[in-house]
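Notes for the one structure printed next.
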Amino acid sequence: MTMLKNRVVKRDLMQLAIVLVVIVLVNLVSARWFFRIDLTAEKRYTLAPVTRSFLRNLEHDVMVKVYLAGDLNVGFQRLARATKETMDEFRLVSRGAFMYEFIDPAANSQAIEELREYGLRPIPVFEAAADGRQIQSNVYPYAILHIDGYDIAINLLENMPGRSGA
């Protein structure tokens, strides 16, 4: 009886070890490769064929500085995450010719000065603190694209009258 019990325990431990190894391997593979499945009916998260073609045929390296990092509210964190996912896909399709970095302007006065040079001003965000006070912070939902000596400022926040930016 004990021999049978030992075999069952060994078999169960072996199955558990195999499951753990598979989970670790899947985690390692998914951390190294970016992929996204677009299940929306309008294919909102799928790159257009012309965009894919453009990225594959870049003649110059592209560097994008995204100024959407640091202590952000939930809405801007969501925007930053979506921007990062899009940048990851651009980098993947361009085969490394597209690079990006996220910068926290609040921790980098030089970044704020660079944004001012492009005429990009902070967006004031008002939030209620736990004690009921209103707290104002400044958010810079912008990116600057650098390609072949040219710089293009991009507003990542589509401003819609009557709606909050977050």
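The values are calculated or read from the model by the stated rules, or taken from the named source; none is laboratory data. Because the structure is a prediction, the values reported are computed rather than measured. Note: ideal-geometry Cβ built from the backbone for every residue, glycine included; neighbour counts use all protein chains shown. What goes into the accessible areas is simple: the full protein's heavy atoms, side chains included, and nothing from ligands, DNA or RNA. Shrake-Rupley method; radii C 1.70, N 1.55, O 1.52, S 1.80 Å.
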Partner aspartates and glutamates whose C-alpha sits under 19 Å from that of Lys43, ignoring same-chain residues fewer than 8 away, are Glu85, Asp88, Glu89
When ranked by the protection proxy of mean other Cβ atoms within 10 Å per residue, highest first, what sequence do the peptides 48-60, 103-115 form? 103-115, 48-60
With Cα coordinates, the longest principal axis of the chain makes an angle with the long axis of helix 74-93, in degrees rounded to 10, of 80
Just to make sure I understand: if all protein chains stay in place, what is the order of Glu117, Glu101 by accessible area at 1.4 Å, largest first? Glu117, Glu101
Taking N as the number of residues in the range 35-112, what is its alpha-carbon radius of gyration divided by 2.2 N^0.38 Å? 1.25
Accessible area expressed per residue, the chain, with surrounding protein chains retained (probe 1.4 Å, Å²): 74
Counting DSSP beta bridges with both partners in the chain, what percentage is antiparallel, nearest 5? 75
List, largest first, the extents of the alpha carbons of the range 35-166 along their principal axes, each in whole Å. 52, 39, 25
Under 16 Å from the Cα of Lys10 - lysines, other chains or at least 8 residues apart: none
